[in-house]
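Participant: Have a look at the structure that comes next, please.
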Amino acid sequence: MDSYERRKRLGARIRTLREQQGLSQRKLALMIGSNQTHLWQIETGGVNVGLDILCRLADALEVNVGDLIDF
C-alpha cells in the first residue's frame, strides 16, 4: 500500500467518525483549530497529516489516535 492509499484510508475513517457524530466539516475544523478546506484535504487524502493534527482530530472525535489508523 502506498502513502496516498494510506492517506485516503485515514481520511475516510475521519470522515466516517465525523459523520457518525453529526459534525460538519466546518464544526470539526473549528474544534481542531483548522479550517474546512484543510479538513476536506485530509478527508480526501490530499495532504499529509502531522502528529499534532492527528492528535487533535482524535481528541475532538473522542477516540484514540490508533482508532483513526486502520492499516
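Participant: Kindly provide the set of residues from region 1-20 that are closer than 15 Å to residue 69 by Cβ and surrounded by 14 or more Cβ atoms within 10 Å (Cβ to Cβ), ordered by number.
Facilitator: 6, 7, 8, 9, 10, 11, 12, 13, 14, 15, 17
Participant: Continuing with the same structure: Among all residue pairs at least 6 apart or on different chains, which show Cβ distances below 7 Å where the first residue, located in region 2-26, is on the phi < 0 side of the Ramachandran plot and the second is loosely packed, with under 12 Cβ neighbours inside 10 Å and of a type in the set (D, E, K, R)?
Facilitator: 9/70; 13/70
Participant: Restricting region 21-71 to residues that are touching a Leu at 6+ places or on another chain (Cβ under 7 Å), farther than 18 Å from residue 6 by Cβ and assigned to a helix (DSSP H, G or I), which is most open to solvent (accessible area, probe 1.4 Å)?
Facilitator: Applying the filter and picking the extreme gives 25.
The values are calculated or read from the model by the stated rules, or taken from the named source; none is laboratory data. A quick note: this is a predicted structure, and the numbers were derived from the prediction, not measured. Using ideal geometry, Cβ is built from the backbone for each residue, glycine included, and neighbour counts are taken over all protein chains shown. These accessible areas exclude ligands, DNA and RNA; they are computed on the full protein's heavy atoms, side chains included. Shrake-Rupley method; radii C 1.70, N 1.55, O 1.52, S 1.80 Å.
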